[in-house]
1. Could you grab me the full set of residues in region 262-278 that are farther than 17 Å from A155 by Cβ, part of a strand (DSSP E or B) and under 17 Å from the mean Cα position of the chain (by Cα)?
2. Among the numbered criteria (1) basic (K, R); (2) surrounded by 15 or more Cβ atoms within 10 Å (Cβ to Cβ); (3) farther than 24 Å from A213 by Cα, which one does R90 miss?
3. Condition test on L20, is it at pLDDT 95 or above, over 24 Å from R274 (Cβ atoms), in a strand (DSSP E or B) and hydrophobic (A, V, I, L, M, F, W, C)?
4. Which members of region 40-54 meet the condition of being of a type in the set (A, V, I, L, M, F, W, C) and not in a strand (DSSP E or B)?
5. What pairs come up if the first residue lies in region 143-163 and is surrounded by fewer than 24 Cβ atoms within 10 Å (Cβ to Cβ), the second is polar (S, T, N, Q), and their beta carbons are under 7 Å apart, counting only those six or more places apart or on different chains?
6. Quick check on region 89-98. Is at least one of its residues in contact with a strand residue (DSSP E or B) (Cβ under 9 Å, 6 or more places away or on another chain), not β-branched (V, I, T) and not in a helix (DSSP H, G or I)?
7. Pull up region 60-80, narrow it to residues that are in contact with a helix residue (DSSP H, G or I) (Cβ under 8 Å, 6 or more places away or on another chain) and in a helix (DSSP H, G or I), then point me to the one that is farthest from L127 (Cα to Cα).
8. Going by the conditions given, is A57 buried (at least 17 other Cβ atoms within 10 Å of the Cβ), in contact (Cβ under 8 Å) with a residue 12 or more places away in the chain, of a type outside the set (S, T, Y) and assigned to a helix (DSSP H, G or I)?
Amino acid sequence: MAQRDGTSADIPSQAGRVALVTGASSGIGYETALALAGAGARVVLAVRDPAKGMRAAEAIARIHAQADLVVRELETARLASVRALAETLRADGTIIDLLILNAGIAAVPRREDSEDGFERQLATNHLGHFALTGLLLSLLRLSPDTRIVAVASLAHRSGRIRFDDPHWREGYGPQKAYRQTKLALLMFALELERRLRRAGRPERALAAHPGLALTDVFRRGDRAGPVQRAVGRALFSLVGQSAARGALPILFAATAPEARGGGYYGPDGLWEARGAPKPARIFPHALDEADAARLWTMSEAMTGIRFTL
């Protein structure tokens, strides 16, 4: 993907296409929405805070005066919110070409339950996106150009799915719980691609990661103190990259003609921490198809969502 200025990307025209980006009010989600709107897509900004989403839409419109933007409320940690968004989009007759599963929080210091009784990071990062994808499957355009892109992380490398206690009711660790969610989201994308192929459907499922990008997700869901935030920003300023550059692999997965279903994309620099998009390394445990099927069954049971493929 050609870069104009080191932070933005030349992507194919997205005119006539509809993109839904979760967590689009800041960070990588905002930068992804900004680039897709600039390429001509109608962009649905699915955000937890509609007021913040409107401010993001206004900022995008100041840059791209002709941007076609819609703000919709979505809190992925709440299944009721996920269902409400799906019902709204169905009522609107929305047909989706790009579904970008980006919303997330990281390393919540103390274990918290969502209103559905799930560990909050698992609910926000994985289960909400699993449910949303299943509910929107009938709204996806039946085309090989339709893509579902899960935003994973380098953290998947040391993640493990804790099948006996996925909600970390015992031995909770902020980073361990976060790594599980990003591994789960990557495994979901790979398993979804396998199931799409077996069903003979044309849509493609892919994943991407932003490297080490400084985004609001590292505010730990607004639960970290100022010292923690300052330390995090200092670390990422040394080895990481901006949210705009972090969005490049996501945009590549979503729009590049050469991006393939089941592919995983990230930065091309040292340790995949920063740089231009390229195929990224998937650690072996993320490719375990038996574990992926088990995770899928577990996610269906927790969310009550069954995919009709």
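1. P277
2. That leaves (2) as the condition not met.
3. Working: at pLDDT 95 or above: yes; over 24 Å from R274 (Cβ atoms): yes; in a strand (DSSP E or B): yes; hydrophobic (A, V, I, L, M, F, W, C): yes.
In short, yes.
4. Just the residues of region 40-54 that are of a type in the set (A, V, I, L, M, F, W, C), to begin with: 41, 43-47, 51, 54.
Those that are of a type in the set (A, V, I, L, M, F, W, C) and not in a strand (DSSP E or B): A41, A51, M54.
5. Once the first residue is surrounded by fewer than 24 Cβ atoms within 10 Å (Cβ to Cβ) and sits in region 143-163, its partners that are polar (S, T, N, Q) give R160/Q180; I161/Q180; R162/Q180.
6. Within region 89-98, one or more residues are in contact with a strand residue (DSSP E or B) (Cβ under 9 Å, 6 or more places away or on another chain), not β-branched (V, I, T) and not in a helix (DSSP H, G or I).
7. Looking at residues that are in contact with a helix residue (DSSP H, G or I) (Cβ under 8 Å, 6 or more places away or on another chain) and in a helix (DSSP H, G or I), I get I63.
8. On the way: buried (at least 17 other Cβ atoms within 10 Å of the Cβ): yes; in contact (Cβ under 8 Å) with a residue 12 or more places away in the chain: yes; of a type outside the set (S, T, Y): yes; assigned to a helix (DSSP H, G or I): yes.
Yes: the conditions hold for A57.
The values are calculated or read from the model by the stated rules, or taken from the named source; none is laboratory data. Since the structure is predicted, the reported quantities are computational estimates derived from the model, not experimental observations. Cβ coordinates were reconstructed from backbone atoms using ideal geometry, including for glycine residues, and neighbour counts include every protein chain displayed.
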